[in-house]
Amino acid sequence: MENSMTPNSFVLKNTVSLAPLSADHADNMYRWVCDPLVRENLGIRREPSLEHTHAWIAQALQDDSVRAFAILNNGVHVGNVILDRIDHYLSTARLSVYVGEESLRGSGLGRTGIYLALREAFETLGLHKVWLTVHNRNTAAIHAYQRLGFQIEGVLRDEFILHGERIAALYMGVLEEDFRQLNAVWISGD
């Protein structure tokens with residue numbers, strides 16, 4: 001799957017894989033959602049607890065409209081990517097993602113995790129579209145989503161509260177045909 005670099009190419013890391021999220025991942029998840037930056041960007045409203053984390057994982061494992069994955073780098077859990085609100089009639093799903101390990105944010109692990117989740121959505125689940133919302137101040141995430149084929153489809157005014165302030169959220173989507181046109185270049189190493 002090696003492609004040559006073009007101006008529209010982007011790099012993915014072959015050290016990254018996805019594994020179904022399980023109770024084994026709960027301790028890391030809980031630690032990460034206690035990080036104010038992760039909690040604020042995800043819009044988590046209630047105080048995190050390990051009990052709530054275990055309950056969320058158990059519910060996700062039973063719900064046919066959810067595919068929850070641990071992002072692994074060389075086998076180590078570094079974040080999560082979730083496909084939820086899977087609608088088989090519309091062939092759509094919502095995506096959410098975070099790299100929990102602060103030192104690894106911005107390293108391309110999240111981008112690779114998203115790519116792998118999109119591949120799961122389009123190739124395994126046969127979906128037509130994956131969508132997400134992101135607050136308009138999360139410019140690094142918006143740029144990463146755009147590199148992966150997501151387009152801004154709408155602005156949701158005052159949809160998100162960040163540090164007590166109402167701000168806009170962007171509705172972004174990627175179609176299966178957009179995904180097929182991506183030029184991902186896989187590299188090895190950390």
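I'd like to check something: does the stretch 80-100 contain any residue that is of a type in the set (Lys, Arg), farther than 22 Å from Asp27 by Cβ and modelled with pLDDT under 95? No, that holds for no residue. Here Gly126 clears all of (1) loosely packed, with under 13 Cβ neighbours inside 10 Å; (2) within 24 Å of Arg67 (Cβ to Cβ); (3) modelled with pLDDT under 95 except the condition numbered (3). Could you give every pair whose Cβ atoms fall below 8 Å, whose first residue belongs to the stretch 71-98 and is more than 17 Å from Leu148 (Cα to Cα), and whose second residue is assigned to a strand (DSSP E or B) and among the basic types (Lys, Arg), counting only separations of at least 6 or pairs across chains? Final answer for the pair search is Asn73/Lys13; Asp84/Arg67; Asp84/Arg94; Arg85/Arg94; Ile86/Arg67; Leu90/Lys129; Ser91/Lys129.
For the stretch 39-60, state whether one or more residues are over 14 Å from the mean Cα position of the chain (by Cα) and within 19 Å of Leu118 (Cβ to Cβ). Among the residues of the stretch 39-60, at least one is over 14 Å from the mean Cα position of the chain (by Cα) and within 19 Å of Leu118 (Cβ to Cβ), which makes the answer yes.
Take the stretch 70-110 and flag every residue that is aromatic (Phe, Trp, Tyr) and more than 9 Å from the chain's Cα centre (by Cα). I'd like the intermediate steps shown before the answer.
Initially, the stretch 70-110 is screened for residues aromatic (Phe, Trp, Tyr), giving 89, 98.
The answer is Tyr89, and nothing else.
The values are calculated or read from the model by the stated rules, or taken from the named source; none is laboratory data. The shown structure was predicted, so the numbers you read here are calculated from the model rather than taken from an experiment. Reconstructed Cβ throughout: ideal geometry from the backbone, glycine too, with neighbour counts over all protein chains shown.
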